[in-house]
Amino acid sequence: NRVGTAASITRSSLQKHGGSYSCRLDNPTSSYAGRGIASSPVTVVPGRSYNISGYFYLNRSGGDVGDTLFRLRIQWLNANQYIISSSPGSNGWSLDAFNNWEKIEFPGNVAPANAAFANLLIECRESVNKDNDAYLDDFSFVLAGEPSPIPTVTPAGSPESTPTPPPN
């Protein structure tokens with residue numbers, strides 16, 4: 001599901017970590033709400049720990065790499081699929097370099113006692129408008145200690161998923 005301006009959140013073959021496509025966030029805005037994607041909800045077990053990860057790429061058009069911030073979060077949902085909390089928090093981070101795929105991981109996210117579902121929310125914003133397009137690929141949401149991903153995240157109606165291999 002697209003979050004923000006749908007026309008600026010597209011499937012792209014310009015940059016891809018795996019498979020044929022990635023998700024392109026064209027010209028991020030000054031708000032996280034302007035460019036992002038959310039997965040469909042999946043069932044979770046309260047009290048269990050989940051690991052999330054994905055690959056991020058920032059195409060350089062100008063400015064500093066630190067001008068573009070990302071967030072990767074789990075939104076914990078109750079049985080009615082209302083958001084009850086998010087983890088690992090609301091702080092964003094920047095990548096280490098332009099024009100390079102970086103894997104970001106957040107292990108050990110514990111599902112709250114009243115969680116029945118969860119989805120991944122991936123967002124991007126620029127603090128200075130430099131039109132640095134962002135690319136997202138190969139996301140996973142894994143029950144900690146399990147060898148294979150629960151789902152590979154692809155927002156409905158946008159880039160096709162790329163299978164994430166199980167860890168060695």
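None of the figures in this text is laboratory data; all of them are computed from the coordinates on show. Remember, it's a predicted structure, so these values are computed and weren't measured experimentally. For neighbour counting, all protein chains shown are included, and Cβ atoms are generated from backbone atoms with ideal geometry for every residue, glycine included.
With the biggest extent put first, the Cα atoms of the stretch 81-141 measure 41, 21, 16 Å across the principal axes.
Simple rule: put +1 on each Lys or Arg Cβ and -1 on each Asp or Glu Cβ in the chain, find the dipole, and look at 77, 25, 119; the Cα lying farthest toward the positive end is 77.
How many percent of the alpha carbon pairs in the chain exceed a separation of 20 Å? Don't jump to the answer; show the numbers that get you there.
Numbers: 6691 of 14028 pairs.
Looking at the chain, the distances longer than 20 Å represent 48 percent of pairs.
Karplus-derived 3J(HN,Hα) values for the stretch 27-37, using 6.51 cos²θ - 1.76 cosθ + 1.60 with θ = phi - 60°, are 6, x, 8, 7, 10, 4, 5, x, 9, x, 9 Hz; glycine and proline are entered as x.
Residue-wise HN-Hα couplings along the stretch 54-59, as the Karplus relation 6.51 cos²θ - 1.76 cosθ + 1.60 with θ = phi - 60° gives them from phi, are x, 10, 10, 9, 10, 7 Hz; Gly and Pro carry x. Rounded to a whole number of µm²/s, how large is the Stokes-Einstein D of the stretch 65-106 at 37 °C and 0.692 mPa s, given Rh as the Kirkwood radius over C-alpha pairs? The estimated diffusion coefficient comes to 270 µm²/s. Each pair of Cα atoms in the stretch 1-86 enters the Kirkwood radius, and Stokes-Einstein at 10 °C and 1.306 mPa s then converts it into a translational diffusion coefficient of 105 µm²/s.
Hey, any idea what the orientation-averaged projected area of the convex hull of the stretch 16-58's Cα atoms comes to, in nm²? The partial results should precede the final answer.
Numbers: hull surface 19.4 nm².
So the mean shadow area of the Cα hull is 4.8 nm².
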